[in-house]
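Everything on this sheet refers to the single structure shown next.
Please treat every number below as a calculation from the coordinates, not as lab data. Everything numeric in this text was worked out from a predicted model, so none of it was measured. Neighbour counts run over all protein chains shown; Cβ positions are idealised from the backbone, glycine included.
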Amino acid sequence: MEQKEKIAIYPGSFDPLTNGHIDIIDRGRKIFDKIIIAVLHNPSKKGLFPVKERVAMIKETFKNSNSIEVDSFDGLLVEYAEMRGAIAVLRGMRAISDFENEFQMALMNRRLSRKVQTVFLMTGLRWIFTSSSIIKEAAQFGGDITGMVSNPVKLKLEEKFEKFKNRATRTK
Ligand code: PNS
């Protein structure tokens, strides 16, 4: 009997994708046949990058990986997951601080659909303190973010913050 392809959705804002996300995706690929990285399109939440650019950066990062698809969605995550034939939602968990929110989301998603399981992977130790927001903050002031994001993301961040490249100054 032919085995059905095991698909997981890896949802998020990805504003922008970080190496912490990539770590979760790489490990998720060892469990699932295909991972759909799904960027949330939330018109009421303006990010640094428009969703189209976030998707383009992720596509560029994974251009040589045929088990990865990049897409965007809005509306309910579990509805999107069912529509895409996914059996799971993949999420990374960093420190305890992530737990409450993730637990709440997983329980809500389970209440909304029993067809989709939430699978958590613990973030690798070296990425525990990595987040899109802290990377954006460092990049904004010209901090070196090498090794925290992929090359396509690094280039886009540098392009975005070109005008802020000055070093710290005293304001007094
Ligand atoms: O990277 P993020 O911002 O932590 O990702 C959050 C995301 C996209 C997973 C979450 O906001 C989401 O699933 N939004 C879709 C709306 C939804 O399904 N909400 C019900 C579950 S709480």
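Which pairs in the list Lys52/Lys136; Lys46/Lys172; Lys6/Lys156; Lys59/Lys154; Lys46/Lys115 are over 26 Å apart, alpha-carbon to alpha-carbon? Where the Cα-Cα span goes over 26 Å, the pairs concerned are Lys46/Lys172; Lys6/Lys156; Lys46/Lys115. For the stretch 117-123, putting each phi into the Karplus relation 6.51 cos²θ - 1.76 cosθ + 1.60 with θ = phi - 60° gives couplings of 9, 8, 10, 9, 10, 6, 4 Hz, in residue order, rounded to whole numbers and with x for Gly and Pro.
Here the alpha carbons of the stretch 94-172 define both size measures, Rg and Dmax, at 17.8, 59 Å.
Here the 3J(HN,Hα) profile of the stretch 96-111, calculated from phi with Karplus coefficients 6.51, -1.76 and 1.60 at θ = phi - 60°, is 3, 4, 6, 4, 4, 5, 5, 4, 4, 5, 5, 5, 5, 4, 5, 5 Hz, Gly and Pro shown as x.
Hull volume per residue, based on the alpha-carbon atoms of the chain and their convex hull, is 142 Å³. So how far, in whole Å, is the C-alpha centre of the stretch 1-68 from the one of the stretch 87-127? Spelled out, the Cα-based centre of one part sits 15 Å from the other. Ordering Thr171, Ile31, Val70 by Cα displacement along the dipole of the chain toward the positive end leaves Thr171 in first place; charges were set at the Cβ atoms of Lys, Arg (+1) and Asp, Glu (-1). Ordered by the number of other Cβ atoms lying within 10 Å of each residue's own Cβ, fewest first, Ser13, Ser65 fall into the sequence Ser65, Ser13. Simple spin-label estimate for Glu60 and Ala168 gives 3.0 nm between the two label positions (7 Å along the Cα-to-Cβ direction from each Cα). Put in line by how crowded their Cβ is, counting other Cβ atoms within 10 Å and starting with the fewest, Asp15, Asp23, Asp33 read Asp33, Asp23, Asp15. FRET efficiency for the Lys4 to Met83 pair, using the beta carbon distance and R₀ = 22 Å, is estimated at 0.90. Of all aspartates and glutamates in the structure, the ones whose alpha carbon falls short of 12 Å from that of Lys34, not counting any fewer than 8 places away in one chain, are Glu5, Asp26, Glu69. Over the residues of the chain, the helix contribution to mean residue ellipticity at 222 nm works out to -11000 deg cm²/dmol, using -39500 (n - 2.57) for each DSSP H run of at least 4. Tally Lys and Arg at +1 and Asp and Glu at -1 over the other residues with C-beta under 11 Å from the C-beta of Gly28: what net charge comes out? Once positives and negatives cancel, what remains is +3.
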